[in-house]
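Inspection log for the structure reproduced underneath, given as structure tokens.
The values are calculated or read from the model by the stated rules, or taken from the named source; none is laboratory data. It should be emphasised that the depicted structure is a prediction, and the values quoted were computed from it without experimental measurement. Glycine also receives a Cβ, built like all others from the backbone with ideal geometry; neighbour counts cover every protein chain displayed.
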Amino acid sequence: MKERYFIIDVARCWDCNNCFIACHDEHEGNNWPGYTLAQPRHGHRWIDVRRRERGQYPLIDVAYRPTPCMHCKDAPCVKASGGAISRREDGIVLIDPEKSMGKKELVASCPYGVIFWNEEQNVPQKCTMCAHLLDDGWEQPRCAQACFAGALKAVSLEEEELQRMIAAEGLEQLHPEKGTKPNVYYKNLHRFDKEFISGSAAVKHDDVVDCAQGVQVKLYRADEMIGECLTDAFGDFRFDGLPRNSGEYRVELQPEGSSSQSVHADLASSINLGTIIL
Amino acid sequence: MLEKTQFSMLLFGLDKSMRMAAAKYPAYREKLGEMNVVLQFKLRDNSQGRVFTFANGKLNSKSGIHADPDVVISFEEAATAVRLFKPGRSMLDFISAAKAFQVETLGSDEQVCWVSGIINLLFHLNVDYGVDVGNGVRRYTNTTNGGPVFVYVKDDKIIRITPMDFEEEDADPWVVSARGKKFSPPKKATASPYALAWKSMIYSKDRLLYPMKRVDFDPDGERNPQNRGISGYERISWEEALDLVVKEIKRAKQKHGPGAILNGSGSHHTWGALGYWLSARPRFFNTIGFTPVVHNPDSWEGWYWGASHHWGQTARNGGGETYNTVEDCLKHCELIVFWSSDPEATSGVYGAGDGTIRRQWMEELGIKVVHIDPYYNHTAALFPGKWLAPRPGTDSAMILALAYVWITEDLYDKEYVANRTVGFEKWKEHVLGEDDGIPKTPEWQEGETGVPAKDVRALAREWGTKKTYLNSGGIIGFGGACRTATGTDWARGMVYLMGMQGLGKPGVNMGGLQQGTPVDTRFFFPGYSEGGFSGDLDGTAAAVNMYQRMPNLMTRNTSQQAVPRLKIPEAIMDGKCEGYPTNPMTIEGQFFKFGFPAPGHSPITMYYKYGGSHMGTMCDTNRYANMYRTQSLECVVNQAIWFEGETKFADIILPACTNFERWDIGEHANCGGYIQHSFTQSNHRIAVMQHKCIEPLGESKSDFQIFLELSKRLGIANLFSEGNTEYEWCKRYFDATDLPNAISWKKFIKKGYYVIPPLPENRRDPVSYRWFYEGRQKDTPELTPLPGDYTDGFRKGLQTQSGKIEFESSSLKRFDPDDPERLPVFKYRQSWEGPNTTELFEKYPLQMISPHPKFTFHTMGDGKDSVINDIKDHRVLVGDRYYWIARINTVDAEARGIEANDLIELYNDRGSVVCAAQVSERVRPGTIHSYESCAVYEPVGKPGVTTDLGGCINILTPSRMMVEKSHAMAGNSCLIEVCKWNKEERV
């Protein structure tokens, strides 16, 4: 049985918000009977583009994570709703506006915070994956149709096709530990929820400081080497994908023909070790 | 005699056609019922005629001459009449006959327009447009400054606006082969966020839905100009409003004389060749005589006032040509330097999202990138590379240091410098410090820019050893750095650096894949600056092509007076000012200083403003609020879509509708004129019929219609409209393009768009400047420079006197060789407002930059209660107000006790603005980043004096000219201080 999934590439999102705007355009002022009532003019983010900055000036990184309803296989909102929220065979989770009328508590049932309360209409609301359009033959929901950066697409896949895609593209779920089995998969999620250690290597000769290109840099966790790279033309290096608050690391820089130098890092969130003169 | 018989038959046939149309089409019947008119067709000598009597929707006609007709259409001879009466007549023939008085129309404008209407309507009754998509929904088409769109309408209400997906039959996109791969864009269009937000802007609570008058504006008594921006409005009827405006126009002309009426627009308006700011507006104002606002080249500044002296390109305001550089870049380039360049955020200009995928190819091919910008901009975030963040206004120090490394380490193209440039030795002296004792080493530049010497040396070595593209600005000729106090130097330096590296060599050129796609540049569909139906040969680029392509009455302003846009407040408050022209014709055009008032002309007593954008787009903008209180400014009219910004200072407000509520025609990303072939930003050229998707909201009218109504009252309606409606002008425009060779009018209006096919690979344009590099005659499809500017023969060399890249500018040498701000060879200068202006810097230690915004095109997108306000990087909701965002470095925020989303006050001696703080590592310490182009101006107290809550940070920017002998803004050289807002107004 095919199910519908969102596939989102964090590295390709640049916060243009076309997804958010297109969603608003589709739903503000439009009721889609059988699917959802209209979205209010302001305040709802059925797809929410979240921003993450990492590092310190000038070695930084910025990434964005579009966050729609996860359309979970094991959705807490469905369980909490007493039949007001259901999951279709194709995986789309829908809130029935009539049955959910007045049930403000359903907003809190979502561990991803993607259900919104519509004060005017007295109903909880969220992303429907534009089911009314998909059912009408549209190939993509509005958000994905408007995404020109290729960061967001909706796909309909058999389980094994999905597994192949996960393996091929290194897809991850957001907070799988919540156990809700989301139908949203992310690529390059580390740009958002992992940390990096970076720095710049330089050499000094005759009072002139130059960037040190091609220096071998190794990252150690305790005594185990867990990463290595070469500095670029600007002497910069970066080890990404490290867990937040993961503590002590050692960075070892090995310039060709001279002695190595070590720098310790206590990693809370992403860190720029600054310029290291070799 | 034969002609007389034919004329007689034609008139008889006209009678029959009208009767049949009325019988068949209710709309036509209704139209006929609008007026009772006696219409006389005749020959001028009264030897033949037919009288059409329209009364209560009925038509009677008989041959003969009426004693007292309402409208007379008179022909010199029967042969002329027969020729002009034929369906499919030549408009050129018609215009020529009218100008020779071979055909004359007499009667009231109202009735004449109506008569033209019922005759012309016979040719387009029952037009079928748009596509039925079921459930009572029709899909129309339109286009915007952020891309073309489909518009879904049900029951006269827009239900959705989407990017365009193409059909199978539409042209397939181009394919570029590079490094063993093939790249081709998807077969669909893209749209910018502000394009997709249109529905929320159309159905906005800030829409002006009926004409209004300021409550204490009494044209026959107290006008109370001191209350502009303060007192409220009352609704008036269109009749009242139009009569009032016409009375004021006449009063200004009769009481004060030529030039008393000032008109200007924002530099952007709703899209469409007919409705844009360079079309209907100049056509009307030329016809009444007015003082135009002369636009400073606000996006180009340093390029126009600086770079053009070294490589010409004045037709592009000093920016470069960019033909087929996408292919060259993908094939050969190894490094792209984005210098003050954020094509993602700015879409280049009008480029929708088409450029993004091309930069993804860049990434796929492993082309390295470097970003030079005080802000870690959105292109940098999406395509990371080395980020160098110079202090604002110091970029030219980095330029000199790059040259220093290239010279001392032998990393530049000496042969190119010898053969393709002049004056290098003089600059080299400055670079090496032989003239001033200061070698411009990377270490030296570190003191100015704050960027480590080692990084600049590394960049110089990378750049000097790799085939490098330089993308200076979102498109070539833009960039925030060109709007600093040293913007001329930066732009001049960009040309110098390319002159050292061999501009035009394979893989060495200008661009960042934003321009230069292999679309068909030779298919003629004009851009907006080609003037639409303005007929304005002086103020638009109509003389390039439209004059021969679309015969229409040329229009010319009779007033020789002009006001520089940046000096409007001085012109009104002080009654005098000076400026320099934006003249793209030739390098020396910018040297002609002009004064206001012009000899023998009137001061400004009436300001007819089109839109309300200046508070958020010009500089030191409290001036613009204050000028409205000037007693001698007797009347202010604002024709606008939304009640925002300066619109709230008008005495009379005329509500205009959007381009979704009127007919128009256009191609996005096509400017023409000052960015010829700017559609090479697009992956697909898309000519769009801009359907009238819904009726105008409320009582709003199209700009065309407003000007037409005024024209009728001024007796100039025939001159303005030539008897044609907007729809009919669309057809005339269509006929002027190459579209009729490719698609029928019927199909075009039905389907709504045509994808102009790309040329086959062997007919693609040559790469820009390759001809120059190879020392050949110019072979790119660019009409400029004008023939007279070539010194070694037509299309040989550049526009400069030497025909080469001039390190030492011959034009500046001729104009003022000792001007310390613009020496013929660019030398380092510090900003007149920056860290080096120590006294001011002590008081205001933060440098604010205000680049072109990401989520609003100028002011179009912001405010208006639109969905854009909810975008987290655009505004922040605090309490019940959406605040504009100012970005501050963590260190500076901590020093001031500022946390994310705190309301903060940005201030200096010019004023104060409240914004929401975004605490970020993306701005270099000591710098504040806040976009220009806020649409909302909301002073807490008296306008022009008190703190603004709307977010017009341009209130803080200097009004000093970038260089004295220019008309150039330098908003990115701006010192301010920031503190948490204590909710008190600062005066």
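Take the residues in region A:29-44 that are within 15 Å of A:TRP117 (Cα to Cα) and out of contact with any Ser or Thr (no Cβ under 8 Å at 6 or more places or on another chain), then tell me which one is nearest to the other protein chains (Cβ to nearest Cβ).
So the residue we want is A:HIS42.
Only one of (1) touching a residue at least 40 places away in the same chain (Cβ under 8 Å); (2) of a type in the set (Asp, Glu); (3) farther than 18 Å from B:THR856 by Cα is not met by A:ASP15, so which one is it?
With respect to (1) touching a residue at least 40 places away in the same chain (Cβ under 8 Å); (2) of a type in the set (Asp, Glu); (3) farther than 18 Å from B:THR856 by Cα, A:ASP15 is out only on (3).
Report whether or not B:ASN954 is more than 14 Å from chain A (Cβ to nearest Cβ) and of a type in the set (S, T, N, Q).
yes
Which strands (runs of 3 or more DSSP E) sit wholly inside region B:81-158 and have at least 1 residues that are farther than 30 Å from B:PHE679 by Cβ and of a type in the set (Ser, Thr, Tyr)?
Of the strands (runs of 3 or more DSSP E) lying wholly inside region B:81-158, those with at least 1 residues that are farther than 30 Å from B:PHE679 by Cβ and of a type in the set (Ser, Thr, Tyr) span B:103-106.
Restricting to region B:733-768, name every residue that is touching a Ser or Thr at 6+ places or on another chain (Cβ under 8 Å) and more than 29 Å from B:THR141 (Cα to Cα).
Matches in region B:733-768: B:ASP765, B:PRO766, B:VAL767, B:SER768.
Going through A:VAL62, A:VAL49 one at a time, which residue ends up being free of Cβ contacts under 8 Å to residues at least 12 places away in the same chain and not in a loop (DSSP other than H, G, I, E, B)?
Every option except A:VAL62 fails the conditions.
Filter region B:401-414 down to the residues that are more than 27 Å from A:ARG238 (Cβ to Cβ) and part of a helix (DSSP H, G or I), then identify the one that is farthest from the other protein chains (Cβ to nearest Cβ).
B:LYS414
For region A:219-259, which positions are buried (at least 20 other Cβ atoms within 10 Å of the Cβ), within 14 Å of chain B (Cβ to nearest Cβ) and farther than 22 Å from B:PRO452 by Cβ?
Matches in region A:219-259: none.
Could you list, in sequence order, the residues of region B:596-617 that are aliphatic (A, V, I, L, M) and surrounded by fewer than 24 Cβ atoms within 10 Å (Cβ to Cβ)?
Across region B:596-617, the qualifying residue is only B:ALA598.
Take A:SER262 and tell me if it is modelled with pLDDT of 95 or more, touching a strand residue (DSSP E or B) at 6+ places or on another chain (Cβ under 7 Å) and away from every other protein chain (no Cβ under 14 Å).
Against the criterion (modelled with pLDDT of 95 or more, touching a strand residue (DSSP E or B) at 6+ places or on another chain (Cβ under 7 Å) and away from every other protein chain (no Cβ under 14 Å)), A:SER262 qualifies.
Residue check, B:ALA380 against (1) within 14 Å of chain A (Cβ to nearest Cβ); (2) in a helix (DSSP H, G or I); (3) closer than 21 Å to B:GLY499 by Cβ, all met but one. Which one?
The failed condition is (3).
Please go through region B:337-372 and pick out each residue that is under 20 Å from B:PHE478 (Cβ atoms), surrounded by fewer than 24 Cβ atoms within 10 Å (Cβ to Cβ) and touching a strand residue (DSSP E or B) at 6+ places or on another chain (Cβ under 6 Å).
Those that are under 20 Å from B:PHE478 (Cβ atoms), surrounded by fewer than 24 Cβ atoms within 10 Å (Cβ to Cβ) and touching a strand residue (DSSP E or B) at 6+ places or on another chain (Cβ under 6 Å): B:VAL369, B:VAL370.
Sort through B:ARG795, B:ARG822, B:ARG770, B:ARG763 and tell me the only one that's buried (at least 18 other Cβ atoms within 10 Å of the Cβ) and closer than 27 Å to B:LEU513 by Cα.
B:ARG770
Test each condition in (1) part of a strand (DSSP E or B); (2) more than 25 Å from B:THR143 (Cβ to Cβ) for B:PRO655 and report the one that comes out false.
Of (1) part of a strand (DSSP E or B); (2) more than 25 Å from B:THR143 (Cβ to Cβ), only one is false for B:PRO655: (2).
Just to be sure I understand the filter: pairs with C-beta atoms under 7 Å, separated by 6 or more residues or on different chains, first member in region B:805-825 and without any contact (Cβ under 8 Å) to a residue 12 or more places away in the chain, second member surrounded by 15 or more Cβ atoms within 10 Å (Cβ to Cβ). Which pairs pass?
That search, which allows pairs on different chains as well, returns B:LYS813/B:PRO824; B:PRO817/B:PRO824.
Does B:SER802 satisfy being of a type in the set (S, T, N, Q), farther than 22 Å from B:LEU503 by Cβ and at pLDDT 95 or above?
no
Looking at (1) part of a loop (DSSP other than H, G, I, E, B); (2) touching a strand residue (DSSP E or B) at 6+ places or on another chain (Cβ under 8 Å), which is the one condition that is false for B:MET398?
Every condition holds for B:MET398 apart from (1).
So is B:LYS428 assigned to a helix (DSSP H, G or I), away from every other protein chain (no Cβ under 14 Å), basic (Lys, Arg) and farther than 30 Å from A:ARG238 by Cβ or not?
yes
Might you check whether a residue that is of a type in the set (Gly, Ala, Ser), without any contact (Cβ under 8 Å) to a residue 24 or more places away in the chain, away from every other protein chain (no Cβ under 14 Å) and at positive phi occurs anywhere in region B:161-180?
yes
What residue, among those in region B:515-569 that are touching a residue at least 24 places away in the same chain (Cβ under 8 Å) and among the aromatic types (Phe, Trp, Tyr), is nearest to B:ASN324 (Cα to Cα)?
The extreme case among them is B:PHE523.
With the structure loaded, tell me whether B:TYR350 is within 11 Å of chain A (Cβ to nearest Cβ) and farther than 19 Å from B:ARG461 by Cα or whether it fails that test.
Taking the combined requirement at face value, the residue does not satisfy it.
Quick one: how many residues across region B:386-421 are of a type in the set (Phe, Trp, Tyr) and within 31 Å of the chain's Cα centre (by Cα)?
Adding up the residues that qualify gives 1.
Yes/no matrix, rows are residues, columns are (1) within 14 Å of another protein chain (Cβ to nearest Cβ); (2) buried (at least 24 other Cβ atoms within 10 Å of the Cβ); (3) assigned to a loop (DSSP other than H, G, I, E, B); (4) at pLDDT 95 or above:
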| residue | (1), (2), (3), (4) |
| --- | --- |
| B:LYS854 | yes, yes, yes, yes |
| B:ASP865 | yes, no, yes, yes |
| B:LYS872 | yes, no, yes, yes |
| B:ALA886 | no, yes, no, yes |
| B:ILE898 | no, no, yes, yes |
| B:ASN901 | yes, no, yes, yes |
| B:GLU921 | yes, no, yes, yes |
| B:GLU932 | no, yes, yes, yes |
| B:TYR937 | no, yes, yes, yes |
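A:CYS16: facing another protein chain (nearest Cβ under 8 Å) and either hydroxyl-bearing (Ser, Thr, Tyr) or crowded, with 22+ Cβ neighbours inside 10 Å (or both), yes or no?
So A:CYS16 fits the description; yes.
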